[in-house]
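See structure below.
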Amino acid sequence: MSTHRLADDNVKRLLLKLSLPAMTGMFVMALYNVVDTIFVGRGVGTNGIAGLSIVFPLQMLVMSIGMLFGIGGASVISRLIGKTDQARADLAYGNVSVAAVLSGLTLTVTGILFNDEILRLFGASPVILPFARDYYNIIIMASPLFVTAMTGNNVLRSVGMARSAMTTMLIGAIANIILDPIFIFSLNMGIKGAALATVIAQSMSVAYLVVRLHSKACSLRLKRKNLIIDWGLMREITAIGFSSFIRNVAGSFVFALVNNRLLIYGNEISVAAYGIAIKLTRFLVMPLIGIAQGLQPIIGFNYGAGRMNKVLEAGKTGLKYGSLFSLAGFLIAQVFSRQLIGIFTEDVLLLAAGEHALRIMMLGLWVVGFQIVGTTIFQALGKAKEALFLSMSREILFFIPMVIALPVFFELEGIWLTVPIADILSCLLTLTFIIRLKRKYSDFHKATLIPEFAAD
């Protein structure tokens with residue numbers, strides 16, 4: 001164990017080593033989503049952007065399945081490696097691999113059978129529906145690729161192969177950015193071209209991912225006997241990953257709810273403005289997710305190895321850097337809001353609506369880093385209940401009631417205000433959980449045995 005790449009005693013150096021590739025990869029992934037929207041906005045127009053906004057929560061739903069198995073599997077695998085239980089780590093790897101492929105195929109079949117019904121449920125008006133359908137019908141075919149990519153990337157990080165995970169995302173993002181203008185403009189395929197470019201790029205990512213997972217650098221081995229589901233192990237994996245899954249599922253349905261509310265209190269321009277603002281929000285939040293992804297295997301490995309002082313140090317370091325990056329994102333959004341929206345469109349009405357929406361929605365961004373990293377700490381420790389509750393808090397506990405209630409009093413403005421209020425309240429809730437954890441285990445740095453801590 002002492003020679004494993006996750007056994008580095010310098011936590012800050014190790015976090016930097018693991019987080020930078022994850023941050024770079026997530027940053028480029030967010031960039032490709034932004035560029036995709038820019039090309040559609042320039043090549044198709046406002047209704048094209050609105051169509052992407054309708055399909056986006058469905059893409060989030062697909063990715064949430066990958067997070068369910070990927071993040072849950074990564075937590076289990078990294079702790080098993082810390083305990084030097086290679087056989088169980090290989091079993092977990094085989095199980096999440098099978099689960100990812102089967103769930104992706106199920107999503108594709110379901111999505112094809114109920115395409116228009118799903119799009120209308122997620123807020124497609126008669127004007128937006130044709131644009132959303134053209135994009136969705138191609139994207140849904142690639143569900144197994146999206147789920148496999150998300151799951152496999154987390155598995156790579158669980159064994160410390162952060163650079164390979166980054167490269168996987170870079171390949172897909174760069175390929176998409178290159179292919180978008182070719183299919184949208186040169187081949188005159190419009191929004192269908194954007195979808196086709198995404199699918200081809202994702203195929204390239206998965207091909208590289210499979211190669212790295214089967215390389216000598218990866219300490220895990222995919223064995224035929226491990227492809228048979230071990231339901232006890234899978235329950236542990238899904239219990240841990242369920243918090244990330246439910247957060248993204250809730251986020252997906254929240255997005256759909258907001259789209260429907262925007263058509264009541266606004267119009268198609270409001271839907272497009274919200275879509276742009278969300279893409280920019282994800283772009284600014286991706287570094288925070290990168291920090292969380294780098295932190296997870298460090299905490300999981302050291303927890304499995306019984307090194308509680310390193311668990312505590314890693315948690316403090318992650319919270320610190322997460323907060324600093326979210327503050328930087330907040331300042332960028334407030335200072336350059338008009339310039340950011342202007343990248344996507346020259347439509348005067350959309351530009352004004354988008355700038356106003358972005359400024360208000362980003363008011364709580366400075367606390368998001370603490371909430372994301374705080375939830376990751378509980379995931380990495382295998383504390384599924386706490387992680388699940390914190391993941392659900394923003395969307396289910398705070399956002400949904402407010403996005404229903406506030407527009408009644410403040411109309412469209414109430415929808416925009418819901419975002420920062422939910423961010424701040426969920427951060428305060430996470431802070432109370434972190435304080436409780438710290439008080440209960442204030443002697444982490446003196447601890448030498450796992451059972452007292454794990455018995456919680």
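Just so you know, all these numbers are worked out from the coordinates, no wet-lab data involved. The structure displayed is predicted, hence computed values, not measured ones. Here Cβ is always computed from backbone atoms with ideal geometry, including for glycine, and neighbour counts include all displayed protein chains.
What 222 nm value per residue comes from the helices of the chain, counting each DSSP H run with n ≥ 4 as -39,500 (n - 2.57) and dividing by all residues, nearest 500 deg cm²/dmol?
After summing the helix terms and dividing by residue count, I get -27500 deg cm²/dmol.
Taking square-rooted eigenvalues a ≥ b ≥ c of the alpha carbon gyration tensor, is region 340-434 rounded, prolate or oblate, where a/c under 1.5 means rounded and, failing that, a/b exceeding b/c means prolate?
It comes out prolate by the Cα gyration axes.
Given just the C-alpha atoms of the chain, how large is their convex hull per residue in cubic angstrom?
125 Å³
Two-decimal Rg/Rh of region 187-227 from alpha-carbon positions, Kirkwood Rh?
Value, to two decimals: 1.27.
In nm, to one decimal, how far is the A217 label point from the L31 one, both placed 7 Å along Cα→Cβ?
Spacing of the two 7 Å Cα→Cβ label points: 2.0 nm.
Extent of region 55-104 along each principal axis, from alpha carbon coordinates, in Å, largest to smallest?
43, 18, 7
Arranged from highest to lowest average of other beta-carbon atoms within 10 Å per residue, in what order do the peptides 144-151, 163-170, 13-20 appear?
Descending packing order for the listed peptides: 144-151, 163-170, 13-20.
Cα extents of region 276-408 along the three principal axes, largest first, in whole Å?
Extents along the principal axes: 58, 31, 17 Å.
What shape does region 1-136 have by the C-alpha gyration tensor, where a ≥ b ≥ c are the square roots of the eigenvalues, rounded means a/c under 1.5, and otherwise prolate means a/b greater than b/c and oblate the rest?
oblate
My understanding is that a pair violates if its Cα-Cα distance is over 22 Å; which of K225/K383; K320/K385; K83/K438; K223/K310; K83/K383; K310/K438 do that in this structure?
Pairs exceeding the cut-off: K225/K383; K320/K385; K83/K438; K223/K310.
Grab the other residues whose beta carbon is less than 13 angstrom from that of A195, score K and R as +1, D and E as -1, and report the net.
Taking every Cβ under 13 Å from that of A195, the sum is -1.
Put +1 on the Cβ of every Lys and Arg and -1 on every Asp and Glu Cβ in the chain; which of A272, A173, G374 then has its Cα farthest towards the positive end of the dipole?
Of the candidates, G374 comes out farthest on the positive side.
Hey, what did the chain get for relative contact order, percent, Cα under 8 Å, at least 6 apart?
With pairs under 8 Å counted, the relative contact order is 24 percent.
Specify whether the C-alpha gyration tensor of region 247-341 places it in the rounded, prolate or oblate class, a ≥ b ≥ c being the square roots of the eigenvalues: rounded for a/c under 1.5, otherwise prolate if a/b is larger than b/c and oblate if not.
oblate
Pairs of alpha-carbon atoms within less than 8 angstrom and 6+ residues apart define the contacts here; what relative contact order does region 82-171 have, in percent?
Relative contact order of region 82-171: 35 percent.
Using per-residue counts of other Cβ atoms within 10 Å, averaged over each peptide, order 50-59, 212-221, 253-262 from highest down.
Ranking the peptides 50-59, 212-221, 253-262 by packing returns 50-59, 253-262, 212-221.
Just how large is the dipole of region 316-403 about the Cα centre, in debye to the nearest 20, putting +1 at every Lys and Arg Cβ and -1 at every Asp and Glu Cβ?
That gives a dipole near 480 debye.
Find, among the chymotrypsin sites (Phe, Trp or Tyr not before Pro) in region 331-436, those assigned to loop by DSSP (not H, G, I, E, B) with at most 15 other beta-carbon atoms within 10 angstrom.
F336
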